[in-house]
1. Relative to 2.2 N^0.38 Å, what does the C-alpha radius of gyration of region 54-202 come to as a ratio? Two decimals please.
2. Sorted by average packing, counted as other Cβ atoms within 10 angstrom per residue and highest first, what order do 74-81, 152-159 take?
3. For Lys151, give me every one of the aspartates and glutamates with a C-alpha distance below 18 angstrom, ignoring sequence neighbours fewer than eight places off in its own chain.
4. Measure off 7 Å from each Cα along the Cα-to-Cβ vector at Asn93 and Arg257, then give the distance between these two points in nanometres to one decimal.
5. Can you give me the solvent accessible area of Thr119 with a 1.4 Å probe, rounded to the nearest 10 Å²?
6. Under the 0.36 nm per residue contour assumption, what length would be gained going from the current alpha-carbon distance of Asp148 and Gln246 to full extension?
7. Distance check, please: which entries in Lys77/Lys104; Lys77/Lys270; Lys160/Lys233 exceed 26 angstrom between their Cα atoms?
8. Taking only the alpha carbons of region 38-121, what extent do you get along each of the three principal axes, in Å, biggest first?
Amino acid sequence: MKRWLKEPLVHFLVLGALLFGVYGWLHRGESGNWDNGAGPVRITTREIAFLAETWERQQQRAPTREELHALAAGYLKEELLGREARAMGLDQNDLVIRRRLAQKVEFVVKDTSRLTEPTDDDLHRFYQANLESFQTRSRVSFTHVFFDPEKRLDAAADAKAALAALSRGPAATRRLGDPFPLDAEVSDEDRQAVAGQFGDPFANGIFALNPDAWYGPIASSFGLHLVHVTEVKPVRQLEFSEVEPQVRERWRDEHQREADEQYYASLVSKYHVVVDEEVKPLIGPLDGLAPQATAIVAQGPK
């Protein structure tokens, strides 16, 4: 069964059936030939059940007879106005409507691609091909002494003198530096967290240091620091058993992306796309538009 679900032909057959069903639902009750822009508007048990179920999901209770009457009246008004808008051609060249329709097709494609479940071999191959994505981050713990350039005539010289004193033996670090708005001790933080507090250059410098020694002065977004690294936890490769749920989710995301690109490519082949010659220098090759188009559609209407 799993082998059949992975066949591309099965995907497209299911997708076609789903699209046909969605189209049929959107055009339910239409007679095929419009009389003055509309066939009969039918209010059946299907529409009433849909309205009642939607109400119950939102309100956590069934609608009363009066509420159901109001829902039916609202549905009728919306259907009549929608038909009149289409009869007037208001749905043509409408950016919001076009984007909503494109999103609906994308939802169908995504639901179809989710029918495929990875095998254990698929997951192990994906894990091996993306080992760097399944590692712990390097982490560091350190103490620092701050020297404020705005309060000292020569903060760099003062920091170097303090470093020499610290190198000769223990010293009261608080008496050596200036007050610092954050903690003087940083414990078990990754590069991103350190960079968020002190800036990227400082974080890069810290993670290059060896433990159990004083270093500096090292510049941050605040000023200058003497730093004593107490512990560095290196990057660790996580075993497959530790990250199997994440591997599965990443595999699905990648499979979804590939399915989106394949479906878009099939649409480019299906429909005749013409790019005017004067436009080509502005947008580049047509093949390069696929991922960008997918990202723009995903943003939805503004």
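1. Values: Rg = 32.5 Å, N = 149, 2.2 N^0.38 = 14.7 Å.
That works out to 2.20 for region 54-202.
2. Values: 74-81: 12.2, 152-159: 15.6.
Descending mean neighbour count gives 152-159, 74-81.
3. Asp178
4. Inter-label distance under the simple model: 3.7 nm.
5. 40
6. On the way: separation 98, 0.36 × 98 = 35.28 nm, distance 4.43 nm.
So the extension gain works out to 30.9 nm.
7. Details: Lys77/Lys104 23 Å; Lys77/Lys270 37 Å; Lys160/Lys233 28 Å.
From the list (Lys77/Lys104; Lys77/Lys270; Lys160/Lys233), the Cα-Cα distance tops 26 Å for Lys77/Lys270; Lys160/Lys233.
8. 57, 40, 21
The values are calculated or read from the model by the stated rules, or taken from the named source; none is laboratory data. Source: prediction; values computed, not measured. Using ideal geometry, Cβ is built from the backbone for each residue, glycine included, and neighbour counts are taken over all protein chains shown. Surface areas here come from the heavy atoms of the whole protein model, side chains and all, with no ligands, DNA or RNA. Shrake-Rupley method; radii C 1.70, N 1.55, O 1.52, S 1.80 Å.
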